[in-house]
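Contents: one structure, followed by commentary.
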Amino acid sequence: MAIAQLIAGNWKMFKGPAQARSFVAALADATVEQAESLDIVVCPPAVSLAAAVDGAGASRTQIFGQNVHWAESGAFTGEVSGSMLRELGVSGAIVGHSERRQLFGETDETTAARMVAARGVGLQVIACVGELEAEREAGETERVLERQVGAIAEAADGLEGLVVAYEPIWAIGTGRTATLEQAQEAHAVIKRLLPVPVLYGGSVKPDNAAELLALPDVDGALVGGASLDVDSFAAVCTAGARAA
Ligand code: PGA
């Protein structure tokens, strides 16, 4: 059984400020009990962060960005720095999500640089790793994780506030999840390389959350699609609270 559970909702490019404010307020109301035994995080799009912080109010729900730049400020069109996130009351950020890696040219190096900068201003970090389907089929999962996690481990100055999310790319948004054995095995590999909490991500839903979260090396979940609805996200949080 896992020791601590963190349930994070990654909204991707869904929900503007008005929806974010009311969703986070409703989620906080729906998860008062669960929030006593686990950490609940919501990651809205950048434009909705301030409204989400407002909606969270005095609840224990934390708001994270979906990305953060490595520079404090500068000529980086479209990017947001860690201190800007801090100014909004945001408490952490995702870095290196596979959609960033696949669609926006994110690499192990830029992921590590973003992590270092975020931690430098006191933000918590969820650093994402995970293999492609072809890599798994070729038996390269462990090698890919060693490379991705190695880059994070090498750059990390201390481990506090650092979390890794294992998201097999073939399981993201596809309705396919890793088998319990595949998830446990990958999490154990990651923890051997970097002893931090490891979240599972990839089609986590209310009906599969309990068994995934009960695995010994699974410390929480990074939830995409199922985090867009208050009831289903609250149900995943309930599964997390039971596994805690
Ligand atoms: P999913 O997304 O739960 O919709 O598969 C997970 C993620 O990309 O973080």
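Since every read-out is calculated from the coordinates, none of them should be taken as a lab result. Owing to the predicted nature of the structure, the values given are computational and were not obtained by experimental measurement. Note that we place each Cβ from the backbone using ideal geometry, even for glycine, and neighbour counts take in every protein chain shown.
A few remarks follow.
- The residue that is farthest from the ligand (Cβ to nearest atom), counting only those in the range 158-176 that are aliphatic (A, V, I, L, M) and not in a loop (DSSP other than H, G, I, E, B), is Leu162.
- All conditions but one from (1) in contact (Cβ under 8 Å) with a residue 24 or more places away in the chain; (2) charged (D, E, K, R); (3) farther than 21 Å from Ser227 by Cβ apply to Glu181; the one that does not is (1).
- Being within 16 Å of the ligand (Cβ to nearest atom), within 18 Å of the chain's Cα centre (by Cα) and surrounded by 23 or more Cβ atoms within 10 Å (Cβ to Cβ) is a property that holds for Gly9.
- Cβ pairs under 7 Å, 6+ apart, first in the range 62-77 and surrounded by 21 or more Cβ atoms within 10 Å (Cβ to Cβ), second among the aliphatic types (A, V, I, L, M) and part of a loop (DSSP other than H, G, I, E, B): Ile63/Val90; Phe64/Val90; Gly65/Val80; Gly65/Val90; Val68/Val80; Val68/Leu123; His69/Val80
- Of all the numbered requirements in (1) among the β-branched types (Val, Ile, Thr); (2) within 11 Å of the ligand (Cβ to nearest atom); (3) not in a loop (DSSP other than H, G, I, E, B), Val204 misses one, and that requirement is (3).
- In the range 184-207, the residues that are within 18 Å of Gly224 (Cα to Cα) and more than 16 Å from the chain's Cα centre (by Cα): Pro206, Asp207
- Here the helices (runs of 4 or more DSSP H) wholly within the range 42-154 that include at least 1 residues being closer than 24 Å to Ser232 by Cβ and among the small types (Gly, Ala, Ser) are 49-56, 98-103.
- Residue match in the range 208-227 (condition: within 14 Å of the ligand (Cβ to nearest atom), of a type in the set (D, E, K, R) and over 14 Å from the mean Cα position of the chain (by Cα)): no
- Qualifying residue in the range 166-189 (condition: in contact with a Gly (Cβ under 8 Å, 6 or more places away or on another chain), within 15 Å of Cys128 (Cβ to Cβ) and among the acidic types (Asp, Glu)): yes
- Count - residues of the range 228-243 that are without any contact (Cβ under 8 Å) to a residue 60 or more places away in the chain and either in a loop (DSSP other than H, G, I, E, B) or within 16 Å of the ligand (Cβ to nearest atom) (or both): 4
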